[in-house]
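What follows draws every value from the coordinates through simple rules; no lab data is involved. A quick note: this is a predicted structure, and the numbers were derived from the prediction, not measured. When we count neighbours, we look across all protein chains shown, and the Cβ atoms used for this are built from the backbone with ideal geometry, even at glycine.
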There are 6 protein chains.
Amino acid sequence: MKLIEYADASPEVRAVYDDIMAKRKTDYINNFWKALANDPATLRRTWESIQQVMAPGELDPLTKELIYLAVSATNGCEYCIASHSAAATNKGMTQAIFGELMAVVGMANETNRLAAGYRVPVDDRFK
Amino acid sequence: MKLIEYADASPEVRAVYDDIMAKRKTDYINNFWKALANDPATLRRTWESIQQVMAPGELDPLTKELIYLAVSATNGCEYCIASHSAAATNKGMTQAIFGELMAVVGMANETNRLAAGYRVPVDDRFK
Amino acid sequence: MKLIEYADASPEVRAVYDDIMAKRKTDYINNFWKALANDPATLRRTWESIQQVMAPGELDPLTKELIYLAVSATNGCEYCIASHSAAATNKGMTQAIFGELMAVVGMANETNRLAAGYRVPVDDRFK
Amino acid sequence: MKLIEYADASPEVRAVYDDIMAKRKTDYINNFWKALANDPATLRRTWESIQQVMAPGELDPLTKELIYLAVSATNGCEYCIASHSAAATNKGMTQAIFGELMAVVGMANETNRLAAGYRVPVDDRFK
Amino acid sequence: MKLIEYADASPEVRAVYDDIMAKRKTDYINNFWKALANDPATLRRTWESIQQVMAPGELDPLTKELIYLAVSATNGCEYCIASHSAAATNKGMTQAIFGELMAVVGMANETNRLAAGYRVPVDDRFK
Amino acid sequence: MKLIEYADASPEVRAVYDDIMAKRKTDYINNFWKALANDPATLRRTWESIQQVMAPGELDPLTKELIYLAVSATNGCEYCIASHSAAATNKGMTQAIFGELMAVVGMANETNRLAAGYRVPVDDRFK
């Protein structure tokens, strides 16, 4: 899989790259986007969706990054753990917050399997 | 797998049940604990760990429940989704917060697979 | 998905059913096999592979069932947890063994995510 | 884990290697088979099953490789993504096909979690 | 989680429902959409993305549904397996095609774990 | 993520390191513990839980390591596969045992997806 650099990109891909750099106030494009650029439709759709989903709302941007990181650690996605750890740190994640996050992620993965293995029926009050 | 009711529980199990009810200010014991009671050592260890991990710290209790829920949805654990949705609601999760949470969870699960399938190399700056 | 009963089965499917009943000394065919019977090639291949893989060898049949159950709980496969819990019980799994099994499964699922999230590099001595 | 080279292989393993090379019209044996060769029974059984499952039938060989790749990306199996990307390319997968495949894989992983998290009940008509 | 019926839906939600019914030439709205309607932004974004991703392109609609089903079976998502089995059947999936699909899905899940457990290094030619 | 060496560790972390080295009769601390040391509370809790869960009981220590390895291979956790392969080997896992273990793990992952995809209903006798 080739990473598409700006110099080699089609106008369609460059438009997304330009938007990423403008919105993020950076001149750096992550490898994730350079890989998706092999499929410009997915590049554009993913970039648009990410902006909608990660925008501040009821949840602040740091909390959203922590949730992203929790999912990525659960799935064991090395790239995503690395890039969203960096993003979360930029948004204020300290070492102590990371520690608490991972403790919850570990615990949830443990009890998820205890609940499955013991075949615990859902309590009526939770239905 | 039998659910162990208070009346049928050993003193060791009753001690944990009593502690759960006292700390949570309720007279209700979830099926999860009644199932774990089949193995009193796991019941006690899990209850003690959960208290440590879910205690307020750098992250507030609601944020910790949201992370728990994000992991449970990623793993497709029906019991855990149901019980932690209830717990999160008790701690202030609104319909709008749940919607944003699930949007991030869905997006992270999508991009985790895009990163894996495209075999995106980790950027040097994220290492 | 229709479950194929013996009376409605083709000769090819009946031959597998007969072999299952003879080898397992039972007149009962699990729903799993009745579902696979919709694809006789998969039915036959799976039955033959299961016999090879689950046969006593360096590991005894109970240990193999425990491993099967550990994987099934990790994947949250309700059918497989139910059927392999029954199979393991038939081969000697007690309540105490089940408790220890699930404790290890839970713990492994927890530390798997801690290792991923903390991005722990593999020690040279483990390579 | 040692990779077993042809020169060091037992007659039983060599027979499988010979069959792989003959059927695939190549003199190259993938690392996957060289690793499985540490357990000759699993090597043989896996090679035989793969041939049955991947043979042209109702689905053509390219479609089967795409499905293999979809599963491998979902599981985040780096080796499998790399080897089945190569196999699919050999069977006609273009960059455009790969892009569409990954878009579906990403989307399915997203909606799988939305369905789980929202606890959507199965419609009667889908039962 | 409440399912939002058309009669109770906001104009924003009704607009999506109307579009689903018009495009799919049906008067039936799946429970999946009725659940997502609790978060209109996610409802709209998901519906728009699904249309882009599942549209005929290099891959035909049936092949895309098979890939969706492969991912859903790998993740054990009951709702998604049920709904996409129905969708695939509508697009031409026969019992025989389903059997071949599931055989590949099962095999890929097996060899994914063999590759991981044996820690098979990626062949240079696959890099 | 920094690995915390003994020389740089706080007294709280050193106490755990000392205990690990004493109990395991070694002067080597795995990278896993050096990473968790960034969060001393998780380091201590995880070390205490591991000792309880992995202690000999109804199941012997080798069997518990095999179960740990089965889960780690299912989750594709590279670090955990490497470290628990080493631990299992120390406790008596031979090449032949590893082969049988992985055969069961592979098979279980295959049939877990067949059961899910075919939507096999749980037999009454397994409930």
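Kindly write out, for segment D:92-106 in residue order, the coupling ³J(HN,Hα) from the Karplus curve 6.51 cos²θ - 1.76 cosθ + 1.60 (θ = phi - 60°), rounded to whole Hz, with x marking Gly and Pro.
Listing the rounded values in order: x, 5, 8, 4, 5, 5, 4, x, 5, 4, 5, 4, 5, 4, x Hz.
What ³J(HN,Hα) values, in whole Hz, does the Karplus curve 6.51 cos²θ - 1.76 cosθ + 1.60 give for segment E:76-81 when θ = phi - 60°, with x put for Gly and Pro?
In residue order, the calculated couplings are x, 8, 4, 4, 5, 4 Hz.
Quick one: helix B:40-54 against the long Cα principal axis of chain B, what's the angle to the nearest 10°, folded into 0 to 90?
50 degrees
Can you give the direction-averaged projected area of the convex hull of the alpha-carbon atoms in the protein assembly as shown, in nm²?
Details: hull surface 132.2 nm².
That works out to 33.0 nm², a quarter of the Cα hull's surface.
Between F:75, F:112, F:30, which gets the highest mean-square fluctuation from a Gaussian network model of chain F, Cα cutoff 10 Å?
Taking springs between Cα atoms under 10 Å, the residue moving most is F:112.
How large is the helix-only mean residue ellipticity at 222 nm for chain F, computed as the sum of -39500 (n - 2.57) over DSSP H runs with n ≥ 4, divided by its residue count, in deg cm²/dmol to the nearest 500? Before the final figure, lay out each step's value.
Numbers: 6 runs with 86 residues, N = 127.
Rounded to the nearest 500, the figure is -22000 deg cm²/dmol.
If you average the C-alpha positions of segment E:68-127 and of segment D:103-121 separately, how far apart do those two centres end up, in angstrom?
If we compute the Cα centre of each part, the gap is 16 Å.
Starting from the Kirkwood radius over alpha-carbon pairs of chain C, derive D by Stokes-Einstein at 4 °C in a medium of 1.567 mPa s and give it in µm² s⁻¹. The partial results should precede the final answer.
Values: Rh = 17.0 Å.
Once the numbers are plugged in, D ends up at 76 µm²/s.
Defining a contact as two alpha carbons under 8 Å apart and six or more residues distant in sequence, what relative contact order in percent does segment B:40-102 show? Don't jump to the answer; show the numbers that get you there.
Working: 25 pairs, mean separation 18.6, N = 63.
Once divided by the residue count of segment B:40-102, the mean separation gives 30 percent.
Considering only Cα-Cα distances, which of the following residue pairs are longer than 27 Å: C:2/F:64; B:2/C:2; D:127/E:2? All intermediate terms of the calculation are to be shown ahead of the outcome.
On the way: C:2/F:64 39 Å; B:2/C:2 31 Å; D:127/E:2 20 Å.
Where the Cα-Cα span goes over 27 Å, the pairs concerned are C:2/F:64; B:2/C:2.
For segment B:1-55, what is one quarter of the convex hull surface built on the Cα atoms, given in nm²? Don't jump to the answer; show the numbers that get you there.
Working: hull surface 14.2 nm².
For the Cα atoms of segment B:1-55, the hull's average projected area reads 3.6 nm².
With a Förster radius of 51 Å, plug the Cβ-Cβ distance of residue B:14 and residue F:14 into 1/(1 + (r/R0)^6) and report the FRET value to the nearest 0.05.
Working: r = 38 Å, r/R0 = 0.75.
The pair residue B:14/residue F:14 has a calculated efficiency of 0.85.
Within segment A:51-66, list the residues whose amide N lies under 16 Å from a label point set 7 Å along Cα→Cβ of residue E:48.
A:51-55
Relative contact order of segment B:1-122: what whole-number percent is it, with Cα pairs under 8 angstrom and at least 6 residues apart? Walk me through the numbers before you get to the answer.
Working: 63 pairs, mean separation 22.0, N = 122.
Once normalised by length, the contact order is 18 percent.
Can you tell which of E:117, E:90, E:72 lies farthest toward the positive end of the dipole of segment E:57-127, using +1 and -1 charges on the Cβ of basic and acidic side chains (Lys, Arg; Asp, Glu)?
Value: E:117.
What do you get for chymotrypsin sites (Phe, Trp or Tyr not before Pro) in segment A:1-96 restricted to DSSP loop and a cutoff of at most 16 other Cβ within 10 Å of the site's Cβ?
A:28
For segment A:1-102, state which GluC sites (Glu not before Pro) are in a DSSP loop and have at most 12 other beta carbons lying within 10 Å of their beta carbon.
Working: sites: A:5, A:12, A:48, A:58, A:65, A:78, A:100; in loops: A:5, A:58.
Those that pass, being in a loop and sparsely packed, are A:5.
Return a whole-number percent for the relative contact order of segment D:1-55, with Cα pairs under 8 Å and 6 or more residues apart as the contact set.
Numbers: 33 pairs, mean separation 23.2, N = 55.
Over segment D:1-55, the number comes to 42 percent.
Enumerate by residue number the trypsin sites (Lys or Arg not before Pro) in segment E:16-75 meeting two conditions: DSSP loop (anything except H, G, I, E, B), and at most 10 other Cβ atoms within 10 Å of the site's Cβ.
On the way: sites: E:23, E:24, E:25, E:34, E:44, E:45, E:64; in loops: E:25.
Passing sites in segment E:16-75 are E:25.
Between the alpha-carbon centers of segment E:1-54 and segment B:1-64, tell me the distance in whole angstrom.
Between the Cα centres of segment E:1-54 and segment B:1-64 lies a distance of 40 Å.
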